[in-house]
1. Is it true that some residue in region A:34-44 is over 25 Å from A:Glu144 (Cβ atoms), buried (at least 18 other Cβ atoms within 10 Å of the Cβ) and within 13 Å of another protein chain (Cβ to nearest Cβ)?
2. Out of all the residues in region A:113-132, is one or more at pLDDT below 95, of a type in the set (D, E, K, R), under 22 Å from A:Glu60 (Cβ atoms) and not in a helix (DSSP H, G or I)?
3. Residues to consider are B:Gln47, B:Gln76; find the one that is of a type outside the set (A, V, I, L, M) and surrounded by 11 or more Cβ atoms within 10 Å (Cβ to Cβ).
4. Quick one: would you say B:Glu144 is of a type outside the set (S, T, N, Q), modelled with pLDDT of 80 or more and part of a helix (DSSP H, G or I)?
5. Within the set of pairs 6 or more residues apart or between chains, which connect a residue that is surrounded by fewer than 20 Cβ atoms within 10 Å (Cβ to Cβ) inside region A:83-96 to a residue that is of a type in the set (Phe, Trp, Tyr) with Cβ atoms less than 8 Å apart?
6. Can you tell which of B:Glu72, B:Glu20 is acidic (Asp, Glu) and more than 30 Å from A:Glu65 (Cα to Cα)?
7. Looking at B:Ala139, B:Ala195, B:Ala155, which one is surrounded by 18 or more Cβ atoms within 10 Å (Cβ to Cβ) and either touching a Phe, Trp or Tyr at 6+ places or on another chain (Cβ under 8 Å) or not polar (S, T, N, Q) (or both)?
8. With B:Gln219, B:Gln136, B:Gln163 as the choices, which residue is at pLDDT 80 or above and farther than 18 Å from B:His231 by Cα?
Amino acid sequence: MPQRCTFSALSPVCYFIDLLKMKLSVMTNKHLRYEALVRSYHADLYRYACWLCQHKAVAEDLLQETFLRAWKSLDSLTDAAAAKSWLITILRRENARRFERKQFDYQDIDQDVLLDEQNLTQEQQAEQRLLRQHILQLAVDYREPLLLQLIFGMTGDEIASALELNLNTVNTRLFRARQQLKELLQAPTRGADQHG
Amino acid sequence: MDELEFRRRLLADPQARQPEMQQQLQLEPQRQRYQQELLEMEQKLKQSLQLPVPADLADRLLLAQGIASFSERKQQRQRWFSLAAAVLVLGLLAPALYKQLFWSGNLAEHALAHVYHEAAYLVDERTNLPLTEVNQLLADFNAEFTQWPGAVRYARYCDFQGQRSLHLILQTTDGLMTVFVMPPQHGLTGGQQFADQNFHGQSLQLGQHSLVLVTDKQQALQPFAEELQQHIRWQI
């Protein structure tokens, strides 16, 4: 606690200074919490946003808006364990708002934009590219629960509450998503001979 | 749990985190092989989803917040500043505005308004102020009555459009005569003669001083002005 002045005539001034210091420490506290939040979750959220809206620049914008909104309502986040689903909810809401705002169809954007060269063999790269295309081919309704499960490691219940669906629906969608992926992988597609 | 249901549930969650699914797995090695197959695909899927995240993304996000909250604070400050400035300007302009709106700046109008406003209740027929008392008040204007034939019904300092003036009501043979003795620099404009339906007035310039006379009979003005000049003495 800040040191108090003993001189009584100054006590209103001291009180004011204490208030300021408290306000400042609350502010720095908030900044620290916010920074921890950004550093812990930005990577997964970014990936989730990329797979959701299929464009890196859009995903980054979405993340900016999500975190700005999170900053504004950071005081409402009291449970650290809820932070992840809280952020996901904000991001999904911002994403929906993006569609209200402008009716651009990002589905048309070249999906290769998502691809990145990594330390993989040619074969692995081809396989990964194919898998990514397949993931993007999934309808958003099927893709989204899968992303939540694979990127964030969420359980069926967590996904259900994040997407405001009941557990059965979530399980059905997860099952169908994987089933479709399996089928796509098994189908004789261009450059996918080895998956036959 | 039949095979179809089992596969359904395993496809929904290949890790089979639910205890009953673990049980089901223990029952048949074939099911474990199926899970293994799915987990391999799961691994590939996870790898595919692992897009590289720009290294400076976190810093950019933090910066955006910093800028946003800074400009928010700045806007708040600006709002307070403009409010304070508005109050200040209003405070400074208020007296001038008040003068502009409520003071006509016209001597005649104000004199008449003053008489209308006060005539009704100022005059008490029984009052007859001693001349010494009147002269004490007049001393502020460097003037005094040497003598005065009639009664002085009323004598008091009055605010005459922001100017401290002496308000006199004198009894004459033609009725009551209101006299405003004005300080030298009263800065007001006004005609020599003015009138409305009930009252007639005249402003007199005696040296540096202005006198404003108001009465209900026009013919009383001129003789009164002359009489006043005889009985009032200006110092310097």
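The values are calculated or read from the model by the stated rules, or taken from the named source; none is laboratory data. Because the structure is a prediction, the values reported are computed rather than measured. So basically every Cβ, Gly included, is an ideal-geometry build from the backbone, and we count neighbours across all protein chains shown.
1. Applying the first criterion (over 25 Å from A:Glu144 (Cβ atoms)) to region A:34-44 yields A:34-36.
Okay, now just the ones that are also buried (at least 18 other Cβ atoms within 10 Å of the Cβ), so A:34.
Retained after the next criterion (residues that are within 13 Å of another protein chain (Cβ to nearest Cβ)): A:34.
Yes, region A:34-44 contains a residue that is over 25 Å from A:Glu144 (Cβ atoms), buried (at least 18 other Cβ atoms within 10 Å of the Cβ) and within 13 Å of another protein chain (Cβ to nearest Cβ).
2. Scanning region A:113-132 turns up at least one residue that is at pLDDT below 95, of a type in the set (D, E, K, R), under 22 Å from A:Glu60 (Cβ atoms) and not in a helix (DSSP H, G or I).
3. Details: B:Gln76 fails: surrounded by 11 or more Cβ atoms within 10 Å (Cβ to Cβ).
None of the others qualify; the one that does is B:Gln47.
4. Details: of a type outside the set (S, T, N, Q): yes; modelled with pLDDT of 80 or more: yes; part of a helix (DSSP H, G or I): no.
For B:Glu144, the condition - of a type outside the set (S, T, N, Q), modelled with pLDDT of 80 or more and part of a helix (DSSP H, G or I) - is not met.
5. A:Ala83/A:Tyr41
6. Details: B:Glu72 fails: more than 30 Å from A:Glu65 (Cα to Cα).
Being acidic (Asp, Glu) and more than 30 Å from A:Glu65 (Cα to Cα) holds for just one of B:Glu72, B:Glu20, which is B:Glu20.
7. Numbers: B:Ala139 fails: surrounded by 18 or more Cβ atoms within 10 Å (Cβ to Cβ); B:Ala195 fails: surrounded by 18 or more Cβ atoms within 10 Å (Cβ to Cβ).
Going through B:Ala139, B:Ala195, B:Ala155 in turn, the sole match is B:Ala155.
8. Selected residue: B:Gln219, the only one of B:Gln219, B:Gln136, B:Gln163 that is at pLDDT 80 or above and farther than 18 Å from B:His231 by Cα.
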